[in-house]
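First the structure, in the form of structure tokens, and then the observations on it.
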């Protein structure tokens, strides 16, 4: 069965941040039904197959130890018996590992004031 454009976008966005509800919204599904559509999409064999293919492509481009680690996190995220917290942690770890997040730090001086920098 061929994928619709929204389903292809869903897969792309899902593989970007591993958040199915967010992927559904970004793919153009209704914000009111995104959570349900996301669960439905992840249960469809043709979509699961495409996601698995893409993950295998990512894994094939890495060395053996890194590939095993990526596969481990991905397996946890897909495990129906894993807790939601465990799935979330696995997706965060995978996202950090693949450098999908930009970490931002805010610096301030004494009492929250400005930091003075003097150039010599």
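Taken together, the values in this text are just the output of simple stated rules run on the coordinates, not laboratory data. As the structure is a prediction and not an experimental result, all values here were calculated from the model. Note: ideal-geometry Cβ built from the backbone for every residue, glycine included; neighbour counts use all protein chains shown.
For segment 1-43, a residue qualifies if it is outside any helix (DSSP H, G or I) and under 15 Å from the mean Cα position of the chain (by Cα), and the qualifying residues are 18, 19, 27.
So that you can scan it fast, the table gives a plain yes or no per residue for (1) touching a helix residue (DSSP H, G or I) at 6+ places or on another chain (Cβ under 7 Å); (2) more than 16 Å from residue 80 (Cβ to Cβ); (3) without any contact (Cβ under 8 Å) to a residue 24 or more places away in the chain:
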position	(1), (2), (3)
15	yes, yes, no
20	yes, no, yes
26	yes, yes, yes
30	no, yes, yes
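The lone criterion from (1) closer than 21 Å to residue 92 by Cα; (2) surrounded by fewer than 19 Cβ atoms within 10 Å (Cβ to Cβ) left unmet by residue 23 is number (2). Remark: pairs (first residue in segment 68-94, on the phi > 0 side of the Ramachandran plot and free of Cβ contacts under 8 Å to residues at least 24 places away in the same chain; second residue surrounded by 15 or more Cβ atoms within 10 Å (Cβ to Cβ) and assigned to a helix (DSSP H, G or I); Cβ separation under 8 Å; 6+ apart in sequence or on different chains) are absent.
Every residue in segment 1-13 that is farther than 19 Å from residue 33 by Cα and in contact with a helix residue (DSSP H, G or I) (Cβ under 6 Å, 6 or more places away or on another chain), please. Once the filter is applied, which keeps residues that are farther than 19 Å from residue 33 by Cα and in contact with a helix residue (DSSP H, G or I) (Cβ under 6 Å, 6 or more places away or on another chain), segment 1-13 yields only 1.
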